[in-house]
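Heads up: the structure comes next, in structure tokens.
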Amino acid sequence: MANNSSSRGAKGGKRYPKLNLEKAIEYSKRLVSKTHTGPQPKKVILPGVFDSNTWLGGQRLSGTKQYGLIEGDSKAYSASELAKQI
């Protein structure tokens, strides 16, 4: 029998960012500026960096995170070292 440990959702496979790299870099530059004094909560990051406090901002945040340009969680996001180097 196949390894199907869950029947609740999508099965396996890679998830690719729904954000192109150029936009992710643009957002990461804004993130570096916004978090230079310290990590910021999601409620500040979404509208201040990703221009949306809705699912669209969340999707942009997720794509940026998949590229390795943001780290943390909803309580405290910050720019990764890679984002700072860019």
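A short reminder: the numbers here are calculations on the coordinates, not readings from a lab. All values reported here derive from a predicted model rather than from experimental measurement. Every residue, glycine among them, receives a Cβ derived from its backbone with ideal geometry; neighbour counts consider all protein chains shown.
Every residue in the stretch 38-55 that is assigned to a loop (DSSP other than H, G, I, E, B) and either touching a Phe, Trp or Tyr at 6+ places or on another chain (Cβ under 7 Å) or more than 18 Å from D73 (Cβ to Cβ) (or both), please.
Once the filter is applied, which keeps residues that are assigned to a loop (DSSP other than H, G, I, E, B) and either touching a Phe, Trp or Tyr at 6+ places or on another chain (Cβ under 7 Å) or more than 18 Å from D73 (Cβ to Cβ) (or both), the stretch 38-55 yields P39, D51, S52, T54.
Scan the stretch 30-37 and tell me whether some residue there is of a type in the set (A, V, I, L, M), in contact with a strand residue (DSSP E or B) (Cβ under 6 Å, 6 or more places away or on another chain), surrounded by 14 or more Cβ atoms within 10 Å (Cβ to Cβ) and part of a helix (DSSP H, G or I).
Checking the stretch 30-37: at least one residue is of a type in the set (A, V, I, L, M), in contact with a strand residue (DSSP E or B) (Cβ under 6 Å, 6 or more places away or on another chain), surrounded by 14 or more Cβ atoms within 10 Å (Cβ to Cβ) and part of a helix (DSSP H, G or I).
Condition check: assigned to a loop (DSSP other than H, G, I, E, B) and within 18 Å of L21 (Cβ to Cβ). Does G68 satisfy that?
yes
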